[in-house]
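Notes follow once the structure below has been shown.
The values are calculated or read from the model by the stated rules, or taken from the named source; none is laboratory data. In this text, all values refer to a predicted model and were calculated from it rather than measured experimentally. Please note: Cβ atoms are built from the backbone with ideal geometry, for glycine as well, and neighbour counts cover all protein chains shown. With ligands, DNA and RNA removed, areas are computed over all heavy atoms of the protein, side chains included. Shrake-Rupley method; radii C 1.70, N 1.55, O 1.52, S 1.80 Å.
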Amino acid sequence: MARWLLPENISDVLPEEARAVEALRRALLDLYRSYGYELVIPPLLEHLESLLTGSGHDLGLTTLKLVDQLSGRTLGLRADTTPQVARIDSHILNRSGVARLCYAGPTLHARPMHPLASREPLQVGAEIYGDADFGADREILELAVRSARAIGNTRVQIDLGHTGVVRALLGDLLRASAGVEDVLLALTAKDPAALESASRSFEATTRRALRSLMELNGGLEVLEQARRALPASASLGAALDELARLVESCGADDVSIDLADLHGFRYHTGITFAAYVAGLCGPLLRGGRYDDIGQAFGRARPATGFSLLDLREAAQLSAPPLVRAIRAPRAADPRLDELVEALRRRGEIVVRAGPAGDVGVALTVDRELVWQDGTWVVRELARDPNAKLHQPG
């Protein structure tokens with residue numbers, strides 16, 4: 001085996017892909033900044049008990065672990081950034097008001113999410129802490145839809161759910177019954193036989209409601225069907241009302257509702273959603289409300305947000321951006337040096353090329369610096385870009 005081969009599902013990001021990834025990362029962070037979100041950069045490496053605290057405990061199987069040679073303690077390489085951002089909000093920033101935070105950086109997985117997935121996905125996300133208002137959920141979902149559109153797709157589908165529906169149906173059973181986990185698994189798998197077996201000790205009304213839940217997926221009409229089929233309660237009504245308002249305001253092209261979708265049920269405390277775009281076999285991003293996430297760090301705060309699962313996969317759906325450049329000679333002329341620096345300060349790419357004029361294949365050279373009438377000027381290229389550069393005689 002060649003010594004330079006990389007581990008399975010780990011790969012280099014080469015220039016063309018890196019260009020697309022970086023352009024999308026900048027576009028997303030600029031979008032979040034326009035909404036008032038502040039960038040945080042948590043460390044890739046933490047003590048394992050910190051990474052797996054609270055809601056992060058479910059990440060134990062996907063977290064890569066190693067021993068710190070300085071302290072002898074077990075460290076973990078983050079598999080998800082959200083628990084770290086919750087720690088920052090609860091333990092470091094410690095603000096009393098609303099905090100809007102965003103992030104963009106690599107994560108590492110012990111196992112790939114699917115056979116073709118990278119074990120080093122680049123995760124991007126936005127989160128609101130300290131705001132329990134429905135408007136925060138609406139803002140996050142709106143931002144998620146705009147994030148999906150940023151990759152260039154014309155249609156965005158949102159799948160909505162709400163953990164409050166199942167919580168309203170099960171009530172105290174969530175804490176008291178040992179069979180609840182099997183019920184949740186059966187609902188997620190939409191397996192009627194497994195649901196019947198797991199819920200056999202429940203009251204008949206609850207069993208009927210859970211069976212109905214499996215069929216409650218589709219468009220906006222699902223919410224009215226749920227009001228008729230499920231036992232009425234204030235908490236159930238509130239959850240259905242929230243879903244109805246989100247369908248009307250999220251801005252997606254297609255919206256579906258699945259009241260039995262329990263993805264992250266123990267993690268989320270309210271709405272849940274996933275965004276899908278053409279070209280990906282799975283969701284582009286996932287999000288929802290998770291009010292309990294900061295409790296493990298000593299400060300429970302309302303929280304809602306989303307994460308784009310892998311920026312590299314998303315960037316593959318968009319064409320690499322055109323990189324326009326100006327070619328300049330390597331002439332030893334202070335006047336040329338001054339003009340080159342002025343152009344670079346303006347944001348232009350200026351490449352100093354040798355006599356052959358070669359600047360590399362990654363750039364679209366559409367202008368050049370030429371010596372004309374006793375001064376250096378920028379001239380549009382309307383000839384062979386590989387021709388030799390004009391220099392002062």
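Data overview
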item: Surface accessible to a 1.4 Å probe, V145 within the full protein complex, Å²; result: 0 Å²
item: Solvent accessible area, Å² - I293, 1.4 Å probe, full protein context; result: 10 Å²
item: For segment 225-293, alpha-carbon Rg and Dmax in angstrom; result: 13.4, 41
item: Helical segments meeting 24 Å axial Cα length and Kyte-Doolittle -1.0 threshold in the chain (DSSP H); result: 15-34
item: Charge dipole (debye, nearest 20) of segment 92-157; +1 at Cβ of Lys and Arg, -1 at Cβ of Asp and Glu; result: 280 debye
item: 5 Å-binned pair-distance histogram of segment 1-149 (Cα, whole percent); result: 2, 8, 15, 17, 19, 17, 12, 6, 3, 1, 0, 0
item: Accessible-area order (highest first, 1.4 angstrom probe) of the listed residues C281, C250; result: C281, C250
item: 37 °C / 0.692 mPa s Stokes-Einstein diffusion coefficient of segment 136-239, Kirkwood radius on C-alpha pairs, µm²/s; result: 212 µm²/s
item: Point-charge dipole on Cβ atoms (K/R +1, D/E -1) for the chain, about Cα centre, debye to 20; result: 560 debye
item: Residue among A328, W371, V351 farthest towards the positive dipole end of segment 323-377, charges placed on Cβ; result: V351
item: Mean Cβ count within 10 Å, highest first, over the residues of peptides 43-50, 129-136, 259-266; result: 259-266, 129-136, 43-50
item: Euclidean distance of C-alpha centroids, segment 150-220 and segment 258-273, integer Å; result: 9 Å
item: Directionally averaged shadow of the chain, computed from the convex hull of its alpha-carbon atoms, nm²; result: 26.9 nm²
item: Helical contribution to [θ] at 222 nm, DSSP H n ≥ 4, -39,500 (n - 2.57), averaged over the chain, rounded to 500; result: -9500 deg cm²/dmol
item: Estimated dipole of segment 105-229 in Debye, rounded to 20 [Cβ of Lys and Arg +1, of Asp and Glu -1, Cα centre]; result: 320 debye
item: Positive-end residue of Y290, T272, C102, charge dipole of the chain with Cβ unit charges; result: C102
item: Percent accessible area from carbon and sulfur atoms, segment 105-232, protein chains only, probe 1.4 Å; result: 50 percent
